[in-house]
Amino acid sequence: MRTLDLITSAIGNTFRSKTRTTLTVLAIFVGAFTLTITQGLGTGINRYIDDTVSGIGASDVMTVTKTPDSVSNPFDSGPQEYDPDAVSSGQNGIPGMTTTALTQDDLDAIADVDGVLRVKPVESISVDFVQYGDGTRYTASVGSFVAGQELQLAAGAQPDSDSTDYQIAIPDSYVKPLGFASNGEAIGSTLIIALTDGQYTQQTVEAEIVGVSEETLSGPSGSSFVPNDALTSELAAVQATGLPADQQDRWAQASAWFDPDATDAQITALKDRLADAGYTGTTIADQLGAFTTVIDAIVLVLNAFAVIALLAAAFGIVNTLLMSVQERTREIGLMKAMGMGSGRVFSLFSLEAVFIGFLGSAIGAGIAILVGTGLSQALGGALLSDLPGLTLFAFDPANIVTTIVVIMLIAFLAGTLPAWKAARQDPVESLRYE
């Protein structure tokens with residue numbers, strides 16, 4: 001029997017017992033569906049996290065703060081000891097959280113740590129309001145812009161860190177309140193930024209709106225106005241006007257650049273050297289590490305249920321083919337009497353098992369893609385509308401093909417015992433079987 005005939009015969013024999021085969025295919029379908037949908041969930045969320053990382057900052061930049069003896073927490077009971085070197089950290093958006101200030105001496109000390117390429121302080125800008133023309137004034141927060149950062153833009157371009165012009169990107173949630181009809185209309189307009197200096201005098205700075213940023217999972221592009229370096233320096237200078245000398249050049253944190261090709265071990269070693277010098281270094285991966293760990297753990301648990309379903313389906317394949325071997329004993333004897341070798345008989349039943357696995361996995365993966373795509377579209381316009389750019393279920397063709405191939409392999413292994421039993425049958429005894 002030629003290979004093509006062998007394959008055709010295996011496919012035809014699969015549905016001799018339609019009910020039994022259908023139930024086995026359904027068992028595989030459950031496992032394949034669950035495995036595909038959970039992989040799509042993990043891929044979709046992790047892709048969004050990767051995009052968010054680029055919106056927070058570059059992967060070769062570390063946020064460095066001074067390690068204090070203690071951190072003032074406004075929720076602690078009892079009075080807090082005054083620390084003249086403390087500045088607001090804005091930690092987790094909680095007012096009153098403070099950290100020990102960094103000075104120019106600290107920046108020099110950080111720059112001297114082995115592995116640090118350069119250091120730049122992160123300016124903390126406190127804005128009174130933003131306004132377009134004579135329109136309504138709105139309170140706003142101003143985030144920092146790190147070289148290498150990629151904003152998730154709804155329109156325009158991100159601020160140019162090398163430009164000497166004052167440029168800013170505004171959140172899309174401010175577009176209509178400020179008086180613009182659309183994101184595109186905001187581009188090129190002049191934004192008025194008001195802030196109070198050290199002499200309690202309110203001053204204004206004008207900047208060109210060059211981009212409109214989308215809300216993201218995290219990072220300054222989500223809800224903050226993001227200025228370029230020139231505008232940041234100007235705002236910081238205005239804010240510091242009139243401050244006593246001992247209150248200037250104090251920062252809550254700094255950005256430290258390191259080798260972009262550094263390994264995890266080298267980054268950890270750099271953190272240890274910073275710790276020895278009295279500083280704490282945090283990378284972008286650290287900030288989102290806990291979140292990705294939780295997502296991966298959830299996907300792993302769901303995949304475990306899918307594997308259990310596939311193992312149950314494997315036993316169904318064994319049962320289906322063993323019964324098929326028993327029912328076709330005389331047919332097997334006739335095939336062997338006509339010259340069909342044991343290897344061909346083994347291949348015939350193995351192909352039946354593989355075909356059952358292919359049917360269940362292909363149907364399961366296909367339905368999972370349809371369901372996942374539908375859910376992503378439905379949730380994207382409802383519950384997840386505040387997270388533009390998020391595709392909850394994203395399906396990687398390579399992962400889908402791998403899943404189908406793995407399930408077919410499991411089916412092949414499950415069909416080995418029945419196929420081996422069929423191949424070992426004696427043709428004379430088989431022809432006598434009633």
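The values are calculated or read from the model by the stated rules, or taken from the named source; none is laboratory data. Computed from a prediction, not measured in an experiment: that's the story for all the values here. Positions of Cβ are generated from backbone atoms using ideal geometry, with glycine treated the same way; all protein chains shown enter the neighbour counts. Ligands, DNA and RNA are stripped out before the accessible areas are found, and what is left, the full protein with its side chains, is counted by its heavy atoms. Shrake-Rupley method; radii C 1.70, N 1.55, O 1.52, S 1.80 Å.
Table for the structure above
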{"quantity": "Members of segment 224-260 that are among the charged types (D, E, K, R) and modelled with pLDDT of 90 or more", "calculated": "GLU234, ASP259"}
{"quantity": "Qualifying residue in segment 199-212 (condition: assigned to a loop (DSSP other than H, G, I, E, B), under 36 Å from the mean Cα position of the chain (by Cα) and at pLDDT below 90)", "calculated": "no"}
{"quantity": "First in segment 32-47 and over 11 Å from ASP396 (Cβ atoms), second anywhere and at pLDDT 80 or above and surrounded by fewer than 20 Cβ atoms within 10 Å (Cβ to Cβ), Cβ under 7 Å, 6 or more apart", "calculated": "PHE33/ILE367; ILE37/VAL371"}
{"quantity": "Residue in segment 143-152 that is crowded, with 16+ Cβ neighbours inside 10 Å, of a type in the set (A, V, I, L, M), at pLDDT below 95 and touching a Leu at 6+ places or on another chain (Cβ under 9 Å) present", "calculated": "no"}
{"quantity": "Residues (part of a helix (DSSP H, G or I) and in contact (Cβ under 8 Å) with a residue 40 or more places away in the chain) located in segment 252-266", "calculated": "GLN266"}
{"quantity": "ALA309 in contact (Cβ under 8 Å) with a residue 60 or more places away in the chain, under 14 Å from THR24 (Cβ atoms), touching a Ser or Thr at 6+ places or on another chain (Cβ under 7 Å) and of a type in the set (Gly, Ala, Ser)", "calculated": "yes"}
{"quantity": "Members of segment 330-360 found to be of a type in the set (A, V, I, L, M, F, W, C) and within 30 Å of PHE33 (Cβ to Cβ), listed by number", "calculated": "LEU348, PHE349, LEU351, ALA353, VAL354, PHE355, ILE356, PHE358, LEU359"}
{"quantity": "Some residue of segment 100-110 being β-branched (Val, Ile, Thr), within 24 Å of THR65 (Cβ to Cβ), open to solvent by 40 Å² or more (accessible area, probe 1.4 Å) and touching a residue at least 24 places away in the same chain (Cβ under 8 Å)", "calculated": "yes"}
{"quantity": "Matching residues in segment 196-212 - criterion: being under 30 Å from LEU153 (Cβ atoms) and touching a residue at least 40 places away in the same chain (Cβ under 8 Å)", "calculated": "GLU206, ALA207, GLU208, ILE209, VAL210, GLY211, VAL212"}
{"quantity": "Every residue from segment 163-173 that is β-branched (Val, Ile, Thr) and either outside any loop (DSSP other than H, G, I, E, B) or surrounded by 12 or more Cβ atoms within 10 Å (Cβ to Cβ) (or both)", "calculated": "ILE168, ILE170"}
{"quantity": "Members of segment 174-195 that are of a type in the set (Val, Ile, Thr) and surrounded by 16 or more Cβ atoms within 10 Å (Cβ to Cβ)", "calculated": "VAL175, ILE187, ILE192, ILE193"}
{"quantity": "Contacts under 7 angstrom Cβ, first residue in segment 230-245 being in contact (Cβ under 8 Å) with a residue 40 or more places away in the chain, partner open to solvent by less than 40 Å² (accessible area, probe 1.4 Å) and among the small types (Gly, Ala, Ser), 6 or more apart", "calculated": "ALA230/SER163; LEU231/ALA207; ALA240/GLY198; THR241/GLY198; GLY242/GLY198; LEU243/GLY198"}
{"quantity": "Some residue of segment 324-347 being crowded, with 16+ Cβ neighbours inside 10 Å and touching a Gly at 6+ places or on another chain (Cβ under 7 Å)", "calculated": "no"}
{"quantity": "Sole residue being assigned to a helix (DSSP H, G or I) and more than 34 Å from the chain's Cα centre (by Cα), chosen from GLY333, GLY339", "calculated": "GLY333"}
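Residue-wise test of (1) under 30 Å from THR43 (Cβ atoms); (2) open to solvent by less than 70 Å² (accessible area, probe 1.4 Å).
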| residue | (1), (2) |
| --- | --- |
| ALA245 | no, no |
| ALA256 | no, yes |
| THR283 | yes, yes |
| ASP296 | yes, no |
